[in-house]
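Down below is the structure, laid out as structure tokens.
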């Protein structure tokens, strides 16, 4: 079956612009999580969506937002871009949440690499 | 807050040597997962540990979950160049959100 698909793979923006990233989860997966990865900060959790509802949110400013559609596809948006937003943005899907059941094992997409100039 | 500490941050080993990375949490975990990210790639799931004291093996990789479910380790025996990458643990505190450790970057000296 197809994996997690993220688009675009690479993009360059300038400060002050906004960006929208897209993620298509594995068919049947209902949960989509977003992570920011930078060399110095590792994997930082942004937010998680399940059945079109944001279930968890990390410690990022309000410039970072997301949503999930009825087909489980998800988008994240970053407004008023800053230089520090340059990072690899990873989307991951899981079958469903539920501790200990294996249902929350993540399958990651290849990521969207954002460069802010 | 709920954090998962992982050490070491970097590890350089000669090919054929063993490698171990450790994860520690201040509070009890529901389960812990391990992921591997090759250079230029994305994290890939390796294994999930759920039971107290659980030990699982995948060929040369041995994963352990502590008795108190607060710590875990990944041990690689006789490393090979294919083992290069960053290994992450991810703790589940039962709040439906995985918390990733900072990762251990393994490099192999041929």
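Every read-out reported here was derived from the displayed coordinates using simple, explicitly stated rules and does not represent laboratory data. What you are looking at is a predicted structure, and each value in this text was computed from that prediction instead of being measured. Quick reminder, even Gly has a Cβ in these numbers, built from the backbone with ideal geometry, and neighbours come from all protein chains shown.
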Classify chain A: rounded, prolate or oblate, from the alpha-carbon gyration tensor (a ≥ b ≥ c, eigenvalue square roots; a/c under 1.5 rounded; otherwise prolate if a/b is larger than b/c)?
prolate
Of B:88, B:63, A:64, how do they rank once you tally other Cβ atoms within 10 Å and put the fewest first?
A:64, B:63, B:88
If you count the DSSP beta bridges with both ends in the protein assembly as shown, what percent of them are antiparallel, to the nearest 5?
90 percent
Taking square-rooted eigenvalues a ≥ b ≥ c of the alpha carbon gyration tensor, is region B:28-94 rounded, prolate or oblate, where a/c under 1.5 means rounded and, failing that, a/b exceeding b/c means prolate?
oblate
So what's Rg/Rh here for the protein assembly as shown, counting alpha carbon atoms and using the Kirkwood radius for Rh?
0.97
Going by average Cβ neighbours within 10 Å, how do the peptides A:4-17, A:78-91, B:29-42 rank, with the highest at the top?
B:29-42, A:78-91, A:4-17
